[in-house]
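Single-structure report; data block below.
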Amino acid sequence: MNKEKRFAQILKHIKDIKIQGARSIARAALYAYSLMKTKEARKQLIKARPTEPMLSNVLRRIEKQPYKKILQHFDYAQQKINKFAFRIIKNNSTIFTHCHSTNVANALIYAKRHGKSRLITSTFGYAIRAWINIIRIYRDYEPLKFFGIIGSLIFSVGFVIGLYLVYLHFTTGIVGHLPLMMLDVLILSIGLQIIIFGFIADMNRK
């Protein structure tokens, strides 16, 4: 894979949230920039995840510091965070985290290995909260796909019911099915409104 294709692949992974955690995103962006050292490449990387400050910080620092020194800084900062977290976490404490942070996760793993933390009290509960967070992230970053899928599923149910009503109309007649017709119209309207809402949310996001 040549440098241009590799750069495009990393850029897409950052934008599609396949790479998560501030440190992981920053390292990936730093590597991608080392492949394509242009102002346009740096602009594209920052635009791929504009809400991630560490990404933009390392891309600014690369102009003043060599690539390997910045990587060493990542390790040094992680060690400092680990030691600080180890001091403030009490024995057998339960830690709940919000969103995903590579530094926080590594610090908690460090603390756990030294017998100071129990990350979760319930694996099932943690899995549910993790999936809720994933859905929320997908909703915020891909509103058109998120609401489009939901709206399309609801609209499809209404469409199937509509086909059934058409079948009844040409076979036995549709007399006595007024409540079902009203329900079908309601389902189709809800599905269509959700799809439209997805378009509006996507336009506002951009």
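The values are calculated or read from the model by the stated rules, or taken from the named source; none is laboratory data. Nothing here was measured: the structure is a model prediction, and the numbers come from that model. Every residue, glycine among them, receives a Cβ derived from its backbone with ideal geometry; neighbour counts consider all protein chains shown.
Quick notes
- Residues in region 139-158 that are in contact with a helix residue (DSSP H, G or I) (Cβ under 7 Å, 6 or more places away or on another chain) and free of Cβ contacts under 8 Å to residues at least 60 places away in the same chain: ARG139, LEU144, PHE146, PHE147, GLY148, ILE150, GLY151, SER152, ILE154, PHE155, VAL157, GLY158.
- Taken over region 41-70, residues that are among the aliphatic types (A, V, I, L, M) and under 10 Å from LEU30 (Cα atoms) amount to 6.
- With respect to (1) surrounded by 11 or more Cβ atoms within 10 Å (Cβ to Cβ); (2) farther than 29 Å from LEU192 by Cβ; (3) modelled with pLDDT under 85, the lone exception for PHE96 is condition (1).
- Region 163-190, subset buried (at least 16 other Cβ atoms within 10 Å of the Cβ) and of a type outside the set (A, V, I, L, M, F, W, C), residue farthest from ASN204 (Cα to Cα): HIS177
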